[in-house]
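Enquirer: Sharing a structure, written as structure tokens. Questions coming.
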Amino acid sequence: MFIQAITLFPEIFKSITEYGVTGRAHQKNIWRFSAINPRQFADNKLGYIDDRPFGGGAGMVMMAPPLFAAIEEAKKAFSGSLKNRVIYLSPQGKPLNHAKVQELAQLDNLVLLCGRYEGVDERVLEHAVDEEISIGDFVVSGGELPAMMLMDAVLRFIPNVLGDIESAQQDSFVNGLLDYPHYTKPTEFQGMKVPEVLKSGNHTLIAQWRLKQSLKRTLTRRPDLLEKRNLLPQEIRLLQEIEQEAKATEQSIS
Ligand SMILES: C[S@@+](CC[C@H](N)C(=O)[O-])C[C@H]1O[C@@H](n2cnc3c(N)ncnc32)[C@H](O)[C@@H]1O
């Protein structure tokens, strides 16, 4: 996958191209990255690419001509591929979720337009951007951090980016449930113990315990996920068990 960010701050992307699993995979050329600074397409010597908004009001707006030029420059790399997407990171976009991450992981080229100031001239969004994506219902000062969150989430599903692809497959949301709790050494710390079943070596029992914990967490933290899911008979049985246990705990307290 080739990811290009259109950004006034290319240096920020070092944190994803040089660190952690994404950094290692970038060094091995498993994915490629390039930043395009729209200032190189400014029509003035000082490199201004923003101006005051028509109609007045606070803040500055990123101008259309340098952004159109930057997107055109990025598209030169598509070279015949049909699996490309130009995305504007925006609080007004569709919220990023697991399904969208998996969809984007199938593409060859991603162009991520990172806004600053009050955002970008609307004509860019209408005519040069395929899709707007949000990282949540809050506003940050620029599109670079949202772009890197999207990149990190997508890259986890590119073959060989993670040492062990299974670890991504077990994560929350992948099978429509939240992940189960994890423990490591020591087996006891300040009186807090690791659940016995995890030390039993019985893989069937461990898998069943983990599934039950996933269901329990999803039920208490994100019941909306369970509503969307076609539950398997084993999952229905475990959920019944969880409800009975919760009732028994309530009764013992009252
Ligand atoms: C200060 S924000 C502009 C917000 C814009 N005036 C609005 O209210 O929709 C500057 C840039 O940060 C990025 N940004 C801010 N919040 C975001 C979010 N929740 N998701 C994705 N990008 C975001 C966008 O690229 C945006 O152009």
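Enquirer: With axes computed from alpha carbons, what is the tilt in degrees of helix 233-253 against the longest principal axis of the chain, rounded to the nearest 10 within 0 to 90?
Expert: 70 degrees
Enquirer: Compute the angle between helix 203-221 and the longest alpha-carbon principal axis of the chain, please, reported from 0 to 90 degrees and rounded to the nearest 10.
Expert: Roughly 60 degrees between the two axes.
Enquirer: Whole number please: convex hull volume per residue of the Cα set in the stretch 1-53, in Å³? Write down the numbers at each step before the final one.
Expert: Numbers: hull volume 5.3 nm³, N = 53.
Cα convex hull per residue, to the nearest whole number: 100 Å³.
Enquirer: On to the next question. Where does helix 64-75 land angle-wise versus the long Cα axis of the chain, in degrees 0 to 90, nearest 10?
Expert: Value to nearest ten degrees: 60.
Enquirer: When the Kirkwood radius is taken over all Cα pairs of the stretch 188-253, what Stokes-Einstein diffusion coefficient follows at 37 °C and 0.692 mPa s, in µm²/s? The partial results should precede the final answer.
Expert: On the way: Rh = 13.6 Å.
The diffusion coefficient I find is 242 µm²/s.
Enquirer: When only DSSP loop residues count, what chymotrypsin sites (Phe, Trp or Tyr not before Pro) in the stretch 1-54 have their Cβ near at most 10 other Cβ atoms within 10 Å?
Expert: Working: sites: PHE2, PHE13, TYR19, TRP31, PHE33, PHE41, TYR48, PHE54; in loops: TYR19, TRP31, TYR48, PHE54.
Answer by residue number: PHE54.
Enquirer: So what's the back-of-envelope 222 nm ellipticity for the chain, counting only DSSP H runs of four-plus at -39500 (n - 2.57) apiece and dividing by all residues, rounded to 500? Don't skip to the end; give the middle numbers.
Expert: Values: 10 runs with 100 residues, N = 254.
So the helix-based figure for the chain works out to -11500 deg cm²/dmol.
Enquirer: Given bins 5 angstrom wide, list per bin the percent of all Cα-Cα distances in the chain, short to long.
Expert: The percentages, shortest bin first, are 1, 5, 10, 13, 14, 12, 10, 9, 8, 6, 4, 4, 2, 1, 0, 0.
Enquirer: Evaluate the distance, in nm, between pseudo-label points positioned 7 Å from the Cα of SER252 and of ARG52 along their respective Cα→Cβ axes.
Expert: For SER252 paired with ARG52, the spin-label model returns 7.0 nm.
Enquirer: At most 12 other Cβ atoms within 10 Å and a DSSP loop assignment: could you name the chymotrypsin sites (Phe, Trp or Tyr not before Pro) in the stretch 67-166 that fit?
Expert: Numbers: sites: PHE68, PHE78, TYR88, TYR117, PHE138, PHE157; in loops: TYR117, PHE138, PHE157.
Here the chymotrypsin sites (Phe, Trp or Tyr not before Pro) that fit, given the DSSP loop and packing criteria, are PHE138.
Enquirer: Would you mind counting up the charge near GLN4? Only other residues with Cβ under 14 Å from its Cβ, with Lys and Arg at +1 and Asp and Glu at -1.
Expert: Values: positive: ARG32, LYS75, LYS76, ARG85; negative: GLU72, GLU73, ASP108, ASP130, GLU144.
The answer is -1.
Enquirer: Also, quick follow-up: Quick one: net charge of GLY143's neighbours, Cβ under 11 Å, K/R +1, D/E -1? Walk me through the numbers on the way to the answer.
Expert: Details: positive: ARG116; negative: GLU132, GLU144.
Computed value for this residue: -1.
Enquirer: Hey, which of these cross-link pairs are over 25 Å Cα-Cα: LYS14/LYS76; LYS28/LYS76; LYS83/LYS228; LYS100/LYS185; LYS212/LYS247?
Expert: Numbers: LYS14/LYS76 23 Å; LYS28/LYS76 23 Å; LYS83/LYS228 29 Å; LYS100/LYS185 36 Å; LYS212/LYS247 16 Å.
Cα-Cα > 25 Å for LYS83/LYS228; LYS100/LYS185; rest within.
Enquirer: Follow-up. Counting only trypsin sites (Lys or Arg not before Pro) that sit in a DSSP loop (anything but H, G, I, E, B) with at most 14 other Cβ atoms within 10 Å, what is the longest stretch of the chain containing none of them? Walk me through the numbers before you get to the answer.
Expert: On the way: sites that count: LYS28, LYS45, LYS83, ARG229.
Between the exposed loop sites, the longest stretch runs 84-228.
Any read-out appearing in this document is the output of simple, stated calculations on the displayed coordinates, not a laboratory observation. All of these numbers come straight from a predicted model, not from anything done at the bench. Note that we place each Cβ from the backbone using ideal geometry, even for glycine, and neighbour counts take in every protein chain shown.
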